[in-house]
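To start, the structure under review is shown below, and the notes come after it.
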Amino acid sequence: MAPTITVFERSPDRGRGHARDMRVRWAFEEVGEPYEVRLVSFDEMKQPEHLALHPFGQIPTYEEGDLALFESGAIVLHIAGRHAGLLPDDADARTRAITWMFAALSTVEPPIVERSMATIVERDKPWYEGRLPMLDVRVRDRLGQLSTHLGDADWLDGGFSAGDLLMVTVLRRLGRSGLLEQHPNLVAYVARGEARPAFQRAFAAQLAIFTGGPSSM
Ligand code: GTB
């Protein structure tokens, strides 16, 4: 029985691949594991049945037999740990790849999400014009540091890994902010991730929900 993940029935991004099931779909596609999708509405996410799977009432969740998981990073790590392709075999290299997974989610993603949320929910607030430059600086700092680390390498640490998968999904959230474009190597890095056939399949599957196409792979 294939694992089942929950995803937005109606994603606010209209299928642009920003909702966090995208990274889980991409991981499944990279390792070639089939999966099922269950669509949930915002209302259903707050009901006891879903809260039993996800204490914070969010997507994505993962169910397989008796195992239920939440947190996209934990789900990607679980998938990567069970299949070849997303984590190196060498123990040190594997731990470094996992370190990049944490870096993506706990060091780079927070300022990006903070900025993105402010542009959505604080745009009409009196403090917005003063706050945005401050949020920009935090994002710029992280992008500058990441760009320096990446240099002219293709991926963060050797070959493509789950660390890159998460980092690319995090950087994509910058959308049309213009902040990523100040670092051509990061733009190329994201483009490299998006060009992977597994990313393309995951993106198409997520978009299909919005456009009414097939909902599972
Ligand atoms: N830390 C958790 C994880 O990584 O799994 C965060 C999960 C999360 O934020 N889930 C969001 C959710 O369920 C969907 S992805 N929100 C509903 C709620 O909290 O009530 C976040 C998201 C939503 C929409 C866009 N967008 O429209 O661009 C982008 C990202």
Region 91-196, relative contact order [Cα under 8 Å, separation at least 6], %: 38 percent
Kirkwood Rh (inverse of mean 1/r, distinct Cα pairs), the chain, angstrom: 18.0 Å
Inter-probe distance in nm under a simple model that places probes 7 Å from Cα toward Cβ, at F210 and I120: 1.2 nm
Cα centroid separation, region 1-31 to region 106-145 (Å): 25 Å
Rule-of-thumb Rg ratio for region 91-196 [Cα; 2.2 N^0.38 Å; N residues]: 1.12
More than 13 angstrom apart: percent of Cα pairs within region 116-168: 68 percent
Translational diffusion coefficient (Stokes-Einstein; Kirkwood radius from C-alpha pairs) of region 52-132 at 4 °C, 1.567 mPa s, in µm²/s: 84 µm²/s
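None of the figures in this text is laboratory data; all of them are computed from the coordinates on show. Predicted model, so just to flag it, every value in this text is computed and none were measured. Neighbour counts are summed over all protein chains in view; Cβ atoms, including those assigned to glycine, are modelled from backbone coordinates with ideal geometry.
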